[in-house]
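Please read the structure below before turning to the comments.
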Amino acid sequence: MDSEQPPLRKDPDVFPRSWTRAVLAAVLGLLALGLAWSGVADRVGEQSLEAGLQRALIAFGLARTLNGVISVVQGPEVAVQPAGIDVNLAPGEILDPVNDLVERFSWVMLVASTALGVERLLLEVLAWPGVTLAIGLLFGLLAAAQWLRSGWLAQKRGWLLRLALFVLVLRFLVPALAYVGEAVHERFVAPRFDEAVAELEDVSGQIDQLREPAAVQPGPEAGLSERLKRWFEDTGQTLDVSERLAEVRDIAARAVDRTIELTAIFVFQTLVFPLVFLWLVRAGYRMLVRAWHRGPGV
């Protein structure tokens, strides 16, 4: 007597789950196409990159101006003439480390400006219609692969998923990075940046004044003591050379502090933050792929 074979059981959930994923893939593809064709993300990203590039160029120009002013003042001596009496100061040794730091800062700003320029170029390249069409095609194939139960296309579901998500992330990566970076700047960095730029501009003006001798010329009939007295009253300065050099040291210290602060800001915005953002995007991409594969009906 032949043994009775158990009837084959058809899993009623296989088709609904595949249909759900097919719809999800189609919806994602349509949303991505709509966002890409509208150009909203690209315009927002371009505005954010333009704002960042303008800040970098302002800081770069300020660095070159400060470098030029220090180079002019950085002679062997700076003359101070209280009432026609020559007193020579030598701030060159004090300003020399500042000049070296500013030169390195100008290179940092050049690199930062170049990085932002490259991001803007990538934004234009990835906005090419061919990339958008590739997104639509890949998500369409992914939806079809999720719908089908067998065949070559159904066997490539995992590959199509990874490729479609990769192209989607690549298409909107630069606008997202630019927008989030600008939001972080406005929320956390903008006050420090504005304060540092304003103080460096003030420091540049103070250094530039060092090359102009302070002189008060009273009438020739006045004696030496009277001339010194009038100079003290009119300028409020002293004849203490050490005090004047201390003023130069204070200017140099402010320049160093603000230059380092601006360097840290732009290194964060053009190196640290993009790396952290890319790491988060990569982690999110891998989590999404694993969640898709772990789900039922793959």
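All conditions but one from (1) more than 30 Å from Asn67 (Cα to Cα); (2) modelled with pLDDT of 95 or more apply to Ala143; the one that does not is (2). Screening Arg171, Arg120, Arg157 for residues that are more than 34 Å from the chain's Cα centre (by Cα) and basic (Lys, Arg) leaves exactly one candidate, Arg157. Within segment 159-176, residues that are within 17 Å of Leu133 (Cβ to Cβ) reach no partner that is assigned to a helix (DSSP H, G or I) and acidic (Asp, Glu) with beta carbons closer than 8 Å at six or more positions or on different chains. State yes or no: is Trp152 among the aromatic types (Phe, Trp, Tyr) and buried (at least 16 other Cβ atoms within 10 Å of the Cβ)? Here the answer is no, as Trp152 does not meet what is asked. Residues in segment 102-140 that are of a type in the set (A, V, I, L, M), buried (at least 18 other Cβ atoms within 10 Å of the Cβ) and under 25 Å from Asp208 (Cβ atoms): Val102, Val108, Met109.
The values are calculated or read from the model by the stated rules, or taken from the named source; none is laboratory data. What you see is a predicted model; the values in this text were computed from it and never measured. As a convention, Cβ positions derive from the backbone with ideal geometry for all residues, glycine included, and neighbour counts pool all protein chains shown.
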